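Everything on this sheet refers to the single structure shown next.
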């Protein structure tokens with residue numbers, strides 16, 4: 001290149017980078033309803049509230065569950081029907097309530113079948129119960 005040729009060439013600047021825009025990913029949240037036909041002071045209601053608390057905790061608040069006690073959403077059979085229809089997310093139900101839909105569950109509702117809380121734990125955690133729950 002002849003002397004002075006460099007001075008004649010245009011120096012081009014590198015293209016300016018556009019400021020990066022932070023893309024925020026939208027976090028989907030869910031608000032579910034859970035029915036319990038028992039009063040708000042029973043162990044079943046306390047279990048429902050505990051369950052709702054744990055779900056919220058484990059999902060970092062993405063899923064919240066409002067527990068409705070005292071049958072305010074409907075009777076046990078009505079709320080089971082609502083869950084089946086997809087209009088209610090959850091219902092605390094007994095074997096007697098589920099029996100009409102899954103007859104095998106009726107065996108758990110037999111009078112004097114369960115002797116005490118320890119026996120109950122052994123029954124519901126048995127291989128036979130696990131097979132029943134998967135039916």
query = Which condition does residue 76 not pass, out of (1) touching a strand residue (DSSP E or B) at 6+ places or on another chain (Cβ under 8 Å); (2) at pLDDT below 95; (3) more than 21 Å from residue 109 (Cβ to Cβ), if it passes all the others?
reply = (3)
ask   = Quick one: is residue 121 without any contact (Cβ under 8 Å) to a residue 12 or more places away in the chain, surrounded by 13 or more Cβ atoms within 10 Å (Cβ to Cβ) and not assigned by TED's automatic domain parsing to the domain that holds residue 37?
value = no
ask   = Of 55, 49, which residue is closer than 20 Å to residue 86 by Cβ, assigned by TED's automatic domain parsing to the domain that holds residue 84 and surrounded by 11 or more Cβ atoms within 10 Å (Cβ to Cβ)?
value = 55
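Results for (1) at pLDDT 95 or above; (2) assigned to a loop (DSSP other than H, G, I, E, B); (3) closer than 26 Å to residue 94 by Cβ; (4) out of contact with any helix residue (DSSP H, G or I) (no Cβ under 8 Å at 6 or more places or on another chain), shown as yes or no for each residue.
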residue: 13; (1), (2), (3), (4): no, yes, no, yes
residue: 25; (1), (2), (3), (4): no, yes, no, yes
residue: 31; (1), (2), (3), (4): yes, no, yes, yes
residue: 39; (1), (2), (3), (4): no, yes, yes, no
request  = Only helices (runs of 4 or more DSSP H) wholly contained in the stretch 89-135 count here; list those with 1 or more residues that are within 21 Å of the chain's Cα centre (by Cα).
outcome  = 95-98, 127-133
remark   = Per the filter on the stretch 77-105, residues more than 19 Å from residue 44 (Cβ to Cβ) and free of Cβ contacts under 8 Å to residues at least 12 places away in the same chain are 81, 85, 86, 87, 103
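The values are calculated or read from the model by the stated rules, or taken from the named source; none is laboratory data. Here the structure is a predicted model, which means the values were calculated and not measured. With ideal geometry, Cβ positions are generated from the backbone for all residues, glycine too; neighbour counts draw on all protein chains shown.
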